[in-house]
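Please treat every number below as a calculation from the coordinates, not as lab data. Computed from a predicted model, the values in this text were never measured in an experiment. Quick reminder, even Gly has a Cβ in these numbers, built from the backbone with ideal geometry, and neighbours come from all protein chains shown.
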Amino acid sequence: MNNVEGFRSSRHYFGPIPVRAIQLHVFVDASQSAFAAVAYLRVTYDNNDVRVCFVCAKTKCAPMKTMSIPRLELQAAVLGTRLMDTVKKSQGLSLRDSASPYECEDAENLLIRRAQCEAFPDEVRASYNEESVGHRSDIRGLAPYLDDNGVLRAYGRIDAALCIPHSARRPIILSHRHALTELIVYHYHVKMKHQNVDATMGDIRTRFWITKLRRVLRTVISGCSVCKLHRAQPAPPIMGPLPEDRLEANGWPFKFTGLDYFGPLLVTIGRRKEKRWVALFTCLTTRAIHLELAHDLSTDSCIIVIRNFLCRRGPVLRLRSDNGKNFVGANREAKRLIDVFEPEKIQGELSSRGIEWIFNCPANPAEGGAWERMVQCVKRVLRHTVKEVAPKQHVLESFLIEAENVVNSLPLTHLPVSVDQEAPLTPNDLLKGVANLPDTPTIHEQPDERCATRKQWRIARLLRDRFWKRWTWSTCLHLCDA
Ligand SMILES: [Zn+2]
């Protein structure tokens, strides 16, 4: 009681500095003789300083009739709630009940730092001292470093893809052995509605680099009660086996290729506009693509396109086309590939080059699934990019080559390099034998639209940049692991 004299309370809560957040904290306690509640405001200023100030308190003597301590605590809680309401009303403050994004981030960083210190103590110490990590470290290949928050991140190899968000280029490293990792993976698993392992992994990779991620995800799924329930239900119709093309490891790019047509895209010839189609060749093993401009939908044009492709990217052992799917032909009618071209003629051309031609059976949805996704992505992005412009034919050709290059410089994390390490590879690594290109466009480049209409090459570049922007943002992160 002697200390009460020394108690001082300032007349104002915040002072003149701008305030970022205000929290109301109410504490309650009870004893056999009394119970009490006290309210404080916790103020965070714009400069991150924090101040706590006393607002008011309320005490009550315990009732004469004997009450158990839990009951008294409950009484104190009621008192506290009323006190909180009073303060809220009297101050007219808009107080938040949930944590702010800053606080969530702080809490997350704290948890991650702790997990990293537990899983990678040597690596964290080495990074702190700005030394390189030991030779026997699991994560040596990731070139880990500590960021401003003391979080260990991977200095990835995807730097050329500058438009990928920072978090994906410099993911937070987590060990598959740590319990926090499992919780994070589970969170993403639920977020993806318990489906699609590849998409879930892609999503996780936008923020975290987890060692042996696929294994962790498998563990999480096998322990997930929702998934267990699903597994117990009658099995869906059996999907066909994966085509062996996709699993081929000892080959060369385009050994197994998918062919798809799409269009029409408009080009400007003199004063009129003409339709063109694009033949999209996809390597079923590396996901590299090759785009050829087709003059029309004639069989002869198709053979020219295939020949061009073979000269540049061949040899090809097997060519697949999806016969089940329709595409819109010259007369706006939905048609199948086989109805548009004369298959015997094309077959003859291919056989003379020792190439097997296979039409996917439409009843087998597992086949061509990955390819189909890829094709859809490329098509969608291409269509968006050239929608407004009907460029000249040579500009469109140049743009297709640029677009092809963009797609081929995206990381393919699915392709395992070694058992332990999943370093991102790009189709260009396999096509060109070199790592990513130094001249991948950045989204900060703002082409001058006025000049672009005069100079055709600028249109091609403008298209490329648009394509790149759209492609990297909207699709690559999902495709990486698809
Ligand atoms: Zn699940």
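For segment 102-232, a crude dipole built from +1 on the beta carbon of Lys and Arg and -1 on the beta carbon of Asp and Glu, taken about the Cα centre, is about 800 debye to the nearest 20.
For segment 145-151, 3J(HN,Hα) computed residue by residue from phi via the Karplus equation (6.51, -1.76, 1.60; θ = phi - 60°) reads 8, 8, 8, 4, 8, x, 9 Hz, glycine and proline entered as x.
Pairs spanning more than 22 Å between alpha-carbon atoms, out of Lys65/Lys88; Lys345/Lys392; Lys275/Lys392: Lys65/Lys88; Lys345/Lys392.
Using r as the Cβ-Cβ distance of Tyr45 and Ala143, and R0 as 45 Å, what FRET efficiency do you calculate, to the nearest 0.05? Here the calculated transfer efficiency is 0.75. Note on His295 and His230: with the Förster distance fixed at 56 Å, the Cβ-Cβ geometry gives a FRET efficiency of about 0.70. In segment 102-232, Cα pairs under 8 Å separated by at least six residues give a relative contact order of 20 percent. Taking other residues whose beta carbon is less than 10 angstrom from the beta carbon of Val28, and scoring Lys, Arg as +1 and Asp, Glu as -1, yields -1. Each peptide in 1-11, 253-263 receives the mean, over its residues, of other Cβ atoms within 10 Å, and ordering these scores from highest gives 253-263, 1-11.
Between Thr206 and Cys53, the contour length at 0.36 nm per residue exceeds the alpha carbon distance by 51.0 nm. Each of Cys224, Tyr188, Ile173 was placed along the dipole of segment 102-232 (beta-carbon charges, centred on the mean Cα), and the one lying farthest toward the positive end is Cys224. Measuring from a point 7 Å past the Cα of Thr81 along Cα-to-C-beta, which residues in segment 4-31 have an amide N at less than 16 Å? Counting only backbone N, you get 26-29. With each label modelled as a point 7 angstrom along the Cα→C-beta vector, the Ile358-Ala107 pair spans 5.2 nm.
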